[in-house]
Amino acid sequence: MINISKMQKEKIKEKIKKHFHEIMKVKHSDHSIALGFAIGTFISILPTPGLSILLGLLVVLIFKKVNKFSLFIGLIVWNTFTLIPIYWMSYKIGDLLFGSVPVVKYNIVLLDNIYNFSRRFIVGNFILALIISPLSYFITKKLVKLYRKKKKN
């Protein structure tokens, strides 16, 4: 398990708080902000090393109503803090689905191992992305509403 000191936890907490306040300053709808964060979350969780920013830019260019700032905050938050646990959990979910029965696709042991690992990892990762992204949408939307209501009063 990853051991994080108290000072590191405080730094992470302050960083998230700072990003959240920056998102709240943007004059977009709650839906737009939450959607941007959820899409950023989905892209971050998928195993796209080095391509996540390019995918984020592509989404921003195609879908004009998505909040660009919250999408990139989603990329930053998820990639920075949860990449290792997400990838570990992805493999565990895939392993649970496919079981321990080895699938011999090739007659080369190394290729069989790569195929079995990749299949389990990618399927588990996609399932996690499909679960976490909508959750992040609803949580973000609720937080935006609460924050704006608090600021209004």
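With respect to (1) part of a helix (DSSP H, G or I); (2) in contact (Cβ under 8 Å) with a residue 24 or more places away in the chain; (3) of a type outside the set (S, T, Y); (4) under 17 Å from L130 (Cβ atoms), the lone exception for G36 is condition (4).
Among the conditions (1) within 11 Å of the chain's Cα centre (by Cα); (2) modelled with pLDDT under 85, F42 misses just one, which is (2).
The values are calculated or read from the model by the stated rules, or taken from the named source; none is laboratory data. If you're wondering where the values come from, they're calculated on a predicted model, not measured in any experiment. Cβ sites come from the backbone with ideal geometry, for glycine too, and all protein chains shown count toward neighbours.
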